[in-house]
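What follows is one structure encoded as structure tokens, with my remarks underneath.
The values are calculated or read from the model by the stated rules, or taken from the named source; none is laboratory data. As the structure is a prediction and not an experimental result, all values here were calculated from the model. For neighbour counting, all protein chains shown are included, and Cβ atoms are generated from backbone atoms with ideal geometry for every residue, glycine included. Ligands, DNA and RNA are excluded from the accessible area calculation, which covers all protein heavy atoms including side chains. Shrake-Rupley method; radii C 1.70, N 1.55, O 1.52, S 1.80 Å.
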Amino acid sequence: MSAVALLSAARSACAAGPRLSSVCAPACVAVGRAYGALASLPEEHSMLRDTCRAFADEQLAPRAAELDATHTFPAEAVEQLGALGLMGVSVSLDHGGAGLDYLAYAIGMEEISRGCASTGVVMSVNNSLWCTPIEAHANGEQKEKWLTPFAAGDKLGCFALSEPGNGSDAGAASTTAVLKGDEWVLNGTKAWITNGYEADAAIVFATTDKSLKHKGISAFIVPKNTPGFSLGKKEDKLGIRASSTCSLIFEDCHIPAENLLGKQGEGFKIAMTTLDSGRIGIAGQALGIAQAAFECAIAYAQERKTMGRPLSAHQLIQDKLARMATSLESARLLTWRAAMCKDQGDNFTKEAAMAKLAASEAATFVSHEAIQILGGMGYVSDMPAERHYRDARITEIYEGTSEIQRLVIAGRLLKDYQK
């Protein structure tokens, strides 16, 4: 059965409702604490996982090193992701998506990123940072224009929040938007924008009232071909090099007043809730990188012989493998838990931050240890270990650094335990 047929079968299994979550969530609750421990996945999710894994093994992994070395955008792979329904996993069927849930999205992100982390981040941005806020905050007319073709994979979106001078202070947006007649006029620069070169449109956050600080930020949908909208140079990055990253520059960029996303002044809230969801996606990406690095290391340890026996027979190597596997599995459970919280309508800010923190640090740790196990072979591009190590590092930085995740977690804990 082809990957497309498998995913179609997964969709058919949940035809009674618009989302897989409507089928799976009651079962999750019924199993209670046992399923809370996430000992196993529902059948539909397992089928999706197998689909994505087969696709990654057959289509992504064989080309990942070449795309990384040449900094080539994985256009063909992204087109295939669209055909599989993976560019809008949790978007409703009515708007071109797969109609699945966020647990399915997290699982898909891991498997795709296991094959190619660059392809994974392209998928993540379009799902989490474009489709999620459009579906949540756009009106009906905007959804038809700005959600359906993007969720179907016909178009690609990007998310422009960061600026050269604000770093982790997302509320300090210096990009401005001024209403003149029936148009908004944008001026400013957004930095580190993934998918910038290939995206057909961007969600841009700009200050509409400086006196209100973060409450004076609004969100806008800006098409790529708008006059006054230009791109900076492609950044030469350490990792995820097959994806494009650049600055978006706005110089008297006029867009229709109707391109305001949500209400004026809601931009900061839209950005923060979007990042909560996005962190589940990045956790999935980090898990995929970690899993790929782990598989590379354990295969090498079983094949490579030293002192008359396989590396895996040495206790120091066994210690490394045990630590790697424990870190990886722990992060995976946190990620699935965060996704389930979102699917069940619970507050998941803390859970998403925990998942992103644990998974990104697991990716860095596991890929580091993989190189140690491979030794010299881990340091050269003949083996994928060095690419996994380079790809892992960004997961601790974008969509909120590890330091920011700890602040988010602590803030929520203090609120939850407040007497």
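Values computed for the structure shown
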| read-out | value |
| --- | --- |
| Residues of the stretch 402-419 classified as closer than 30 Å to Ile298 by Cβ and surrounded by fewer than 19 Cβ atoms within 10 Å (Cβ to Cβ), total | 1 |
| One residue from Leu333, Leu328, Leu260 being open to solvent by 20 Å² or more (accessible area, probe 1.4 Å), closer than 30 Å to Pro74 by Cβ and not hydroxyl-bearing (Ser, Thr, Tyr) | Leu333 |
| Options Ile298, Ile282, Ile289: the member that is in contact with a Ser or Thr (Cβ under 8 Å, 6 or more places away or on another chain), open to solvent by 30 Å² or more (accessible area, probe 1.4 Å) and among the β-branched types (Val, Ile, Thr) | Ile298 |
| Matching option when the condition is touching a Cys at 6+ places or on another chain (Cβ under 6 Å) and not polar (S, T, N, Q), among Ala370, Ala362 | Ala370 |
| Residue within the stretch 72-80 that is at pLDDT 55 or above, closer than 24 Å to Arg387 by Cβ and among the hydroxyl-bearing types (Ser, Thr, Tyr) present | yes |
| Residue match in the stretch 234-249 (condition: over 20 Å from Ser118 (Cβ atoms), of a type outside the set (A, V, I, L, M, F, W, C) and crowded, with 24+ Cβ neighbours inside 10 Å) | no |
| Condition check for Leu333: closer than 30 Å to Leu100 by Cβ and touching a helix residue (DSSP H, G or I) at 6+ places or on another chain (Cβ under 8 Å) | no |
| Options Gly120, Gly99; residue that is modelled with pLDDT of 95 or more, over 14 Å from Asp391 (Cα atoms) and open to solvent by less than 10 Å² (accessible area, probe 1.4 Å) | Gly99 |
| Flag for Ile107 being open to solvent by less than 10 Å² (accessible area, probe 1.4 Å), of a type in the set (A, V, I, L, M, F, W, C), closer than 19 Å to Asp276 by Cβ and out of contact with any strand residue (DSSP E or B) (no Cβ under 6 Å at 6 or more places or on another chain) | yes |
| Candidate set: the stretch 219-233, residues that are over 15 Å from Lys145 (Cα atoms) and not in a loop (DSSP other than H, G, I, E, B); chosen: the one least open to solvent (accessible area, probe 1.4 Å) | Ala219 |
| Test for Ala353: is it touching a residue at least 60 places away in the same chain (Cβ under 8 Å), among the aliphatic types (A, V, I, L, M) and in contact with a Ser or Thr (Cβ under 7 Å, 6 or more places away or on another chain) | no |
| Within the stretch 149-182, tally of residues that are crowded, with 16+ Cβ neighbours inside 10 Å and either within 15 Å of Ile221 (Cβ to Cβ) or aliphatic (A, V, I, L, M) (or both) | 15 |
